[in-house]
Amino acid sequence: MEKTFNPHAIERSWYQTWEEKGYFAPSGEGNSYTIMIPPPNVTGSLHMGHAFQDSIMDALIRYQRMKGNNTLWQVGTDHAGIATQMVVERKIQAEEGKTRHDYGREAFTDKIWEWKEESGDNITRQLRRLGASVDWDNERFTMDPGFYKAVQEVFVRLHKDDLIYRGKRLVNWDPKLHTAISDLEVENKDVNGHMWHLRYPLADGEKTSEGKDYIVVATTRPETMLGDAGVAVNAEDERYKALIGKDILLPLVNRRIPIVADEHADMEKGTGCVKITPAHDFNDNEVGKRCNLPMISIMTLNGDIRDEAETFNSDGTVNSEIDTHIPEQYHGMERFAARKQIVADFDAAGLLEEIKDHDLTVPYGDRSGVVIEPLLTDQWFVRAAPLAGPAIKAVEDGEIQFVPKQYENMYFSWMRDIQDWCISRQLWWGHRIPAWYDDEGNIYVARSEEEVREQNNIPADVALRQDDDVLDTWFSSALWTFGTLGWPEATERLKTFHPTDVLVTGFDIIFFWVARMIMMTMHFMKDDEGKPQVPFKHVYITGLIRDESGDKMSKSKGNVLDPLDMIDGIELEDLVKKRCGNMMQPQLATKIEKRTRKAFPEGISAHGTDALRYTLYSLASTGRDINWDMKRLEGYRNFCNKIWNAANYVQMNTKDEDCGQNGGDIELTLADRWITSRLQRVEAQVEKNIADFRLDHASQNLYDFIWNEYCAWYLELSKPVLWDENAPAELKRGTRRTLVRVLEAITRLIHPFMPYISEEVWQNIKVEAGVEGETVMTQSYPVLDEGKLDELAEQDIEWLKGFITGIRNIRAELNIGPNKELNVLIRNLSPDDQRRLTDNTAFLQSLAKLTDITVLSEGEKAPMSTTQLVGKMEVLVPMAGLIDKEKEVARLSKEVEKLNKEVSRFEGKLSNEKFISNAKPDVVEKERNKLKDALSAQERLNEQLNAIKAL
RNA sequence: AGGCGGUUAGCUCAGUUGGUUAGAGCGCGUCGUUGACAUCGACGAGGUCGGCAGUUCGAAUCUGCUACUGCCUACCA
């Protein structure tokens, strides 16, 4: 083995070997255990969040595989409709100056397929670098032919069950991307805006109670007034009650619109009068339905003012009675320009009452970044409420459990008030909706055009046209758990691996994905008794990885960390180039460059996959935000190095040596029995913490055990035995065997977390450890063997550690070098102390660098010494030649002072009647013992202090 | 406006059912390299657990209020 851990050298070959040998494919004899990877965007690249979640999934899968279960980690990618289409649109714009319309639908989608082929393996290559043990043989894509079949089937069946419908509805329209988007894709932002108070003249000479011939409405979007269909007031509102049923003469367009009564109008808010624009506002749309007001659509798909309004009745049918006239000066005007113009025109007409500053929330498209316009369009919807019922119940009944549990609230609150889901998108990249239209406007839904003709007896000469729209990406990803396994066919894979065990994902897509997956799966997947199957039993929600100061990582902030840079390292100049290249706003680049140079003055050094993964596990607590910390990455790189060097030491002492693998008598030292016992404990801890999805704790357990017990103490304790030429062969054999076997167990324990270093070390020691096999990946995971627990050995070693630490304390305080040999005196020994002393003389001499250890008899006078207590036993180091009386007095006084405080605290507690009578007896007993110990220590130290003072 | 989190050492975070002197890593200080490891070792300093009140023999932990902070949902004529 190399002297220093070099991750690059070992990671390279192992992954390839594992994959080639087919270790990732399901093969275990035990129960099935399935995880579906949340499919990343096919043309995307791996970010920290992926690395985090995928590392967690890999640990769980590797753990279950080692437990002998039939594990499937299903891998695949998502076509990611809008995101991918936008990438390619930008690309052709930049490279060829063309838009998708220059290409036309077919040629453009071909272009996307090309791009997918070109860049699609980027993300899978990165997954491999992470060590992800996914089943590559069955990789899926949400637009592969099989998946398309599942999507079609679901659409057709939902439509048949009346759970999908088409209708003219108000939807969130993105005027830049020219598509409808769902509520979830709208990002609400607070902005400073204005509220315009506009005068709407009353028709027919009517007057308000105050004698005015107009009423005042307030609006934040004056341009929509062109589509006003009425003005609402509250039926209880004394100010306007009398006007209900009268008309308004809408300014600028001179349309007569009624004053209606509706609860939506709040007497306390604004002026109490609300303009109602059913075609351009969600609330107004509801009012329109209640009050039977028409929908007057005045905007184009670009968000410009139309030349002529389109009008519909509140039930969506065409209305041909209303005047569709729009004044010419607004035709084709961009919506925000129209806003200005209309305000100006109101002002000019003397109808602008007032402008107020107003903070409001404005909807933006999360992809396009432009203001979303509620617009009337024909769209397909999923009726969500009926699907939500069983999905809610599954979580209520605990069939699906969220980890951490608090996320169930989020799920419930959304699901219990779920709105219909707009699933059609006016894009070109995605699953085309399986619906066809004839020239008469009839709609047919079926799996194919042939099926439509067949089912409806439509002859071949009647033209049918398929719907142009595609489905929301999340519609197909909602089928991920069963679509990937071969549904709608009743495949063996589906039978074996569904329902899956755990879904690992971020809270940001609970609504987008998790909830919809539950709804879809429970509707389509039934068990043998016809009961709905859940898609997964646990939903493990991870936190979001943020940068070191808690900010979300984003390209425009220039704080994105690439997991592969953590693994391989990157030069500063390359990092700067990477972060500042392709910036939309060049002035940002300067800022980002500065920031990057400050944060990483020397670039980023290579840390290796194992260190990255271990850092991620250690951060995987239950919090919602996880702040990335380079220092922790360094710490775990050092941990890798520690393991490496320990292995190096073990190998030096066991290679070609007798480790008992060929038989022979074995005698175990106290240290051997101790570390074996401690190993059992850590095995139990790790098992529990993995079961609880607390990988942060599991990784901490292993870190502590490996570094602070195995390396810091056990390896040191092995030296006196191995270096003692006179030690009996069976003793050396026992220590060598323990040394190598515990390390072998460590490699198995740590394998799910650190796949590479564990494999490399395991391969190097497996012969000496007496195990056979091709890879640690398929070895059994260590489990607690109660027969190997050794309570007494653990206590004895604690005593030994206390003794040694005591001596080290003295050395540090008196400035005695670690290599200077010391003699010590001991007194006040219990029988246990006596036994331990006899048994461990060799360890003590070696680890504490002691020559003589002399036991003083009762009352025997000691020379002037410095003292440490090990339990009640006193350890004295004669100070002749080392003496610093004042220093020692100060030290002891401080100790005594501390003890005094303790004593008075315990005494106070124990003299409290209520404590004695209320606290559990064992707690009281414990306190009593503590007091006793403190008192005796106090006494000993006081004696010592007086003795020194007396000198 | 409603909901859910967070607030513990200089920094990043653990702390399971209330019960030793509240822990870890990093950072900091002192000392130390001839035999696994300076990507290391030994020792140490550092916290009235956001604030107030309450329940209790006992509160970082339970309850109420409050401050700051983050997110989610809804509304904003």
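Values in this text are rule-based calculations from the coordinates and carry no lab data. Since the structure is predicted, the reported quantities are computational estimates derived from the model, not experimental observations. Heads up, the Cβs are rebuilt from the backbone with ideal geometry, glycines too, and the neighbour counts pull from every protein chain shown.
With a cut-off of 10 Å between beta carbons, the residues surrounding A:Pro818 carry a summed charge of +4, where Lys and Arg count +1 and Asp and Glu -1. Going from the residue with the fewest nearby Cβ atoms within 10 Å to the one with the most, A:Leu544, A:Leu158 rank A:Leu544, A:Leu158.
Excluding residues fewer than 8 places away in the same chain, name every one of the lysines whose C-alpha is closer than 16 Å to that of A:Lys920. Within reach: A:Lys909, A:Lys930. For A:Tyr33, the amide hydrogen comes within under 5 Å of the amide hydrogens of A:Asn70, A:Thr71, A:Leu72, counting only partners 5 or more places away or on other chains and with H modelled in the peptide plane.
In this structure, the amide hydrogen of A:Ile215, modeled 1.01 Å from its nitrogen in the peptide plane, lies closer than 5 angstrom to those of A:Tyr200, A:Leu202, counting only residues at least 5 positions away or on a different chain. For the pair A:Glu328 and A:Leu301 in one chain, pulling the backbone fully straight at 0.36 nm per residue adds 7.9 nm over the alpha carbon distance. Scalar couplings 3J(HN,Hα) for the range A:686-701, obtained by applying the Karplus form with A = 6.51, B = -1.76, C = 1.60 to θ = phi - 60°, are 5, 4, 5, 5, 5, 4, 8, 6, 9, 5, 5, 5, 4, 5, 5, 4 Hz; x denotes Gly and Pro. With a Förster radius of 22 Å applied to the beta-carbon distance between A:Lys98 and A:Ser119, the computed FRET efficiency rounds to 0.70. Count Lys and Arg as plus one, Asp and Glu as minus one, and take only other residues whose Cβ is under 9 Å from that of A:Tyr33; the net charge is then +1. Shown here for the range A:795-828: trypsin sites (Lys or Arg not before Pro) in loop regions (DSSP other than H, G, I, E, B) with at most 14 other Cβ atoms within 10 Å, namely A:Lys820. Checking the cross-link pairs A:Lys820/A:Lys949; A:Lys495/A:Lys537; A:Lys246/A:Lys269 against a 18 Å limit on the alpha carbon distance flags A:Lys820/A:Lys949; A:Lys246/A:Lys269 as lying beyond it.
Here the residues A:Glu489, A:Glu373, A:Glu440, ranked from fewest to most Cβ neighbours within 10 Å of their Cβ, fall in the order A:Glu440, A:Glu489, A:Glu373. Before anything else, pin down the relative contact order of the range A:875-939: Cα pairs under 8 Å, at least 6 apart, normalised by residue count, whole percent. Relative contact order comes out at 38 percent.
Computed about the Cα centre, the dipole magnitude for chain A is approximately 3020 debye when only Lys and Arg (+1) and Asp and Glu (-1) carry charge, each at its Cβ.
Charged neighbours of A:Ile326, selected by a Cβ distance under 9 Å, balance to -2 (K, R count +1; D, E count -1).
For the range A:585-666, applying the loop criterion from DSSP together with a ceiling of 12 other beta carbons within 10 Å to the GluC sites (Glu not before Pro) yields A:Glu602.
Relative to one another, the C-alpha centroids of the range A:825-888 and the range A:56-115 are positioned 70 Å apart. Over 26 Å between Cα atoms, which of A:Lys176/A:Lys289; A:Lys719/A:Lys801; A:Lys168/A:Lys275 qualify? From A:Lys176/A:Lys289; A:Lys719/A:Lys801; A:Lys168/A:Lys275, over 26 Å: A:Lys176/A:Lys289. Of the residues A:Met410, A:Met48, the one with the fewest other Cβ atoms within 10 Å heads the list, and the complete ranking is A:Met410, A:Met48. Restricting the trypsin sites (Lys or Arg not before Pro) of the range A:348-455 to loop positions (DSSP other than H, G, I, E, B) with no more than 16 neighbouring Cβ atoms within 10 Å leaves A:Arg383, A:Lys405, A:Arg416, A:Arg447. Less than 5 angstrom separates the built amide H of A:His194 from those of A:His358, all sequence-distant by 5 or more or on a different chain. In this simple spin-label model, placing a label point 7 Å from the Cα along the Cα-to-Cβ direction at both A:Glu210 and A:Lys241 gives a separation of 1.8 nm. If R0 is taken as 41 Å, the Cβ-Cβ distance between A:Asp266 and A:Ala348 corresponds to a FRET efficiency of 0.85.
Scalar couplings 3J(HN,Hα) for the range A:467-481, obtained by applying the Karplus form with A = 6.51, B = -1.76, C = 1.60 to θ = phi - 60°, are 3, 6, 7, 10, 8, 3, 3, 6, 5, 6, 5, 5, 9, 4, 5 Hz; x denotes Gly and Pro. Placing dummy labels 7 Å off each Cα toward the beta-carbon, the span from A:Asp366 to A:Gln795 is 5.9 nm. Label-to-label distance for A:Asp724 and A:Thr841 is 1.0 nm, based on points extended 7 Å past Cα in the beta-carbon direction. If both residues of a DSSP beta bridge must be in chain A, then about 70% of such bridges are antiparallel. Derived scalar couplings between HN and Hα for the range A:561-573 equal 10, 8, x, 5, 6, 5, 6, 9, x, 7, 6, 3, 4 Hz in order, rounded to whole Hz, by the Karplus curve 6.51 cos²θ - 1.76 cosθ + 1.60 (θ = phi - 60°), x for Gly and Pro. Relative contact order for chain A: 11 percent, from Cα pairs under 8 Å spaced at least 6 residues apart, divided by residue count. In this calculation the C-beta distance from A:Asp439 to A:Arg624 is compared with R0 = 45 Å, giving a FRET efficiency of 0.25.
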